[in-house]
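The values are calculated or read from the model by the stated rules, or taken from the named source; none is laboratory data. Computed from a predicted model, the values in this text were never measured in an experiment. Because the Cβ atoms are built from the backbone with ideal geometry, glycine has one as well, and the counts that use them run over all protein chains shown. SASA here: full protein model, heavy atoms, side chains in, ligands and nucleic acids out. Shrake-Rupley method; radii C 1.70, N 1.55, O 1.52, S 1.80 Å.
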Amino acid sequence: MKTTDLFKWRHYQSEIILLNVRWYCRYPLSYRNLEEMMIERGLEVDHSTINRWVLKYSPELDKRCRRHLKPTNDSWRVDETYIKIRKKWRYLYRAVDSDGYTLDFLLTAKRDAKAAKRFLTKALNAVHTHEPRVINVDKNPAYPPAVEQLQEEERIPEGVKVRQVKYLNNIVEQDHRGIKSLVNPGMGFGSFNSARRTLKGYEAMNMIRKGQIKNVGKDDVVGQISFINQIFGLAA
């Protein structure tokens with residue numbers, strides 16, 4: 001979608017919209033926090049409007065940054081964490097490589113072999129991931145049968161090792177904290193769809209923050225802002 005069409009009929013400048021989306025998806029802020037921050041800058045933006053912006057542009061941010069991601073390595077760390085949606089716990093499958101770079105993520109209603117297979121398939125199809133040499137998982141019994149099914153379908157080579165050693169997954173468990181710190185200020189999600197869309201923004205900003213974008217450093221905050229503006233066609 002062209003940038004002119006993407007921001008069409010919005011009553012605020014595209015730069016203001018992206019600023020709010022970027023802040024919400026990077027820092028542990030609530031929508032009301034952002035509403036007050038905009039008032040300090042002389043702009044009256046209702047928190048519900050900012051919510052609509054996040055739901056609209058978070059998936060677009062995830063989509064647009066993917067083609068610019070650095071390749072990950074072949075040592076996978078796979079795990080799932082809990083996300084509350086309408087007062088019920090759902091599951092966010094996540095994977096990083098041995099360097100801590102995000103491979104992919106998937107929100108599911110269930111925690112079983114079918115969900116694990118869906119997630120692994122999504123990670124395998126990502127443009128920046130390498131075919132795994134080893135997949136480190138926790139004691140969740142769903143992973144071995146999911147990997148076996150993918151091997152039978154020749155999606156994963158027979159020689160790939162599945163290691164169920166909890167301490168090897170410390171990297172991904174620590175990485176969960178960055179996402180959970182963003183979820184907590186919102187006190188959970190109102191629907192599965194809003195959770196799915198918002199989490200795409202969280203994860204995209206997390207990858208950018210970790211330095212996974214080509215030619216944009218981990219500590220180059222200004223460069224990261226410039227990159228986001230550029231992929232949305234807003235760079236000067």
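What do you reckon, is residue 195 modelled with pLDDT of 95 or more, touching an Asp or Glu at 6+ places or on another chain (Cβ under 8 Å) and not aromatic (Phe, Trp, Tyr)? In short, no.
When 74, 62, 104 are checked against the criterion of being closer than 30 Å to residue 10 by Cα and among the acidic types (Asp, Glu), a single residue qualifies: 62.
One residue stands out among those in the range 138-148 that are over 8 Å from residue 117 (Cα atoms) and not aliphatic (A, V, I, L, M): the one that is surrounded by the fewest Cβ atoms within 10 Å (Cβ to Cβ), which is 139. Any residue in the range 171-186 that is of a type in the set (Val, Ile, Thr) and either at pLDDT 95 or above or part of a strand (DSSP E or B) (or both)? The answer is no; no qualifying residue exists. The helices (runs of 4 or more DSSP H) located wholly in the range 1-118 that include 1 or more residues which are open to solvent by less than 10 Å² (accessible area, probe 1.4 Å) and touching a Ser or Thr at 6+ places or on another chain (Cβ under 7 Å) occupy 14-26, 47-66. Evaluation of residue 225 against the conditions (1) in a helix (DSSP H, G or I); (2) at pLDDT 95 or above; (3) open to solvent by 60 Å² or more (accessible area, probe 1.4 Å); (4) more than 19 Å from residue 104 (Cα to Cα) shows that the sole unmet condition is (3).
Might you check whether a residue that is touching a residue at least 24 places away in the same chain (Cβ under 8 Å) and closer than 23 Å to residue 216 by Cα occurs anywhere in the range 35-58? Yes: the range 35-58 contains one or more residues that are touching a residue at least 24 places away in the same chain (Cβ under 8 Å) and closer than 23 Å to residue 216 by Cα.
Applying the criterion of being within 18 Å of residue 90 (Cα to Cα) and among the polar types (S, T, N, Q) to the residues of the range 155-196, the residue that is least open to solvent (accessible area, probe 1.4 Å) is 194. Against the test of being of a type in the set (D, E, K, R) and at pLDDT below 95, the options 139, 63, 117, 70 yield a single qualifying residue, 139.
Within the range 197-216, being among the acidic types (Asp, Glu) and open to solvent by 20 Å² or more (accessible area, probe 1.4 Å) holds for no residue. Restricting 55, 34, 43, 18 to those that are within 16 Å of residue 202 (Cβ to Cβ) and out of contact with any helix residue (DSSP H, G or I) (no Cβ under 6 Å at 6 or more places or on another chain) reduces the list to 18.
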